[in-house]
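The values are calculated or read from the model by the stated rules, or taken from the named source; none is laboratory data. A quick note: this is a predicted structure, and the numbers were derived from the prediction, not measured. Counting neighbours? That spans all protein chains shown, and the Cβs are built from the backbone with ideal geometry, glycine included.
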Amino acid sequence: MDQYPTIDYRLLVDNMTTAILLIDSQLNIFYLNSSCEALFDISLLRASGQPVMNLLHAPNDDFNTYEALLNTLKTGQSYTRREATINVNFKDMHVDYSVSQLNTGKPYHPLLMIELNPIDRMLKISKEENLIQQHQVARQLIRGVAHEIKNPLGGIRGATQLLARSLNDPQYAEFTDIIISEVDRLRNLADTMLGSRQLPSYELVNVHEPLERVRALVANQTKKKVKITRDYDLSLPEVKADRDQLIQVMLNVSVNAIQAMTENKNFFVDNQPELILRTRIQRLVTINGTLHRSTLRIDIEDNGLGIPEDIIESVFYPLVTARASGTGLGLSIAQNIMHQHNGMIDCQSVPGKTIFSLYLPWETNHVT
């Protein structure tokens with residue numbers, strides 16, 4: 001019988017996907033594996049000897065991590081935390097982690113082992129699936145309402161025209177014209193709520209072509225009152241898409257950004273309103289439960305007031321808007337078009353920086 005090869009257990013630990021962190025009795029870092037180096041973006045050489053609290057920094061967490069670690073050192077009692085928030089490079093990260101005492105054979109020099117699993121991606125997937133389901137339900141509801149609105153509008157318009165001809169009196173013509181005009185406005189709104197029934201006409205598209213078309217339209221609309229900055233990665237591959245529908249999506253998002261900036265002029269005291277159009281490759285993006293190796297990312301960024309916190313989670317729902325004169329349909333229609341392209345739109349917003357990111361898969365194969 002062949003002898004098993006001698007195993008270098010450090011090599012084994014270094015090839016684990018779970019981030020492993022060892023700390024000494026002074027709560028200083030003793031060792032971390034390759035996954036842990038990647039998680040915290042720090043090398044073992046640089047991290048060794050540093051206080052572990054430098055890595056487990058969580059400014060907004062009420063849990064006393066330091067005391068919990070000391071307690072495990074003293075009693076040997078392990079503990080686990082779910083969905084804990086730690087701060088890595090000034091960004092919050094969500095992790096599940098377990099802490100246990102490691103017996104080194106030296107009673108006065110125990111080590112603590114911390115096993116960390118980042119869960120941001122899983123939380124994001126769950127959130128996206130929930131939002132997609134809610135968006136689809138909302139779209140169906142809106143389409144149903146739009147149909148119910150359109151049905152009687154034709155009758156109202158026809159009856160008003162008959163009434164106008166029957167009266168044949170100029171003093172009433174103004175009122176019948178108002179009724180017909182408002183009925184037409186409602187019908188146009190209902191058509192917008194129903195959305196386009198035309199399926200995308202796919203062809204190979206360089207995303208910079210529709211983006212440049214939108215840039216020209218926006219530049220003409222704003223008459224140089226808004227600075228438009230291009231930050232393109234011209235090496236991006238072509239993608240199968242409907243060029244006209246991409247223009248509609250980009251235009252809807254860009255016009256929303258322009259309107260948000262121009263309607264809040266008091267926000268711009270020391271700087272000029274600016275719209276940034278950016279293109280990049282984004283690796284490993286999950287869209288509707290499918291993990292794509294590579295996608296095209298198109299950012300439309302503005303430096304306006306931002307989206308109110310109370311609607312940021314529902315900004316793609318129909319009829320949700322922060323603008324008094326808005327219909328709340330533009331972003332909903334844009335998201336629906338992106339779903340037809342197996343893509344999506346994501347949004348991040350803080351005062352002074354709002355980014356709508358359009359993701360388009362361009363590789364036919366995906367990670368399963």
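Laid out as a table, the results:
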read-out	value
Which listed residue is buried (at least 17 other Cβ atoms within 10 Å of the Cβ), closer than 24 Å to Met16 by Cα, in contact with a Gly (Cβ under 9 Å, 6 or more places away or on another chain) and at pLDDT 85 or above, from Phe30, Phe40	Phe30
Filtered residues of segment 13-69 (kept if closer than 17 Å to Ser100 by Cβ, part of a strand (DSSP E or B) and touching a residue at least 24 places away in the same chain (Cβ under 8 Å))	Ala19, Ile20, Leu21, Leu22, Ile23, Ile29, Phe30
Tally, over segment 206-246, of residues that are within 23 Å of Ser294 (Cα to Cα) and assigned to a strand (DSSP E or B)	5
Scan of segment 263-294 for residues that are loosely packed, with under 11 Cβ neighbours inside 10 Å, at pLDDT below 75 and either more than 22 Å from Ile337 (Cα to Cα) or among the hydroxyl-bearing types (Ser, Thr, Tyr) (or both), ordered by number	Lys265, Asn266, Val269, Asp270
Number of the exception - Thr75 against (1) under 21 Å from Thr104 (Cβ atoms); (2) touching a strand residue (DSSP E or B) at 6+ places or on another chain (Cβ under 7 Å); (3) among the hydroxyl-bearing types (Ser, Thr, Tyr)	(2)
Residue within segment 247-256 that is assigned to a strand (DSSP E or B) and at pLDDT 90 or above present	no
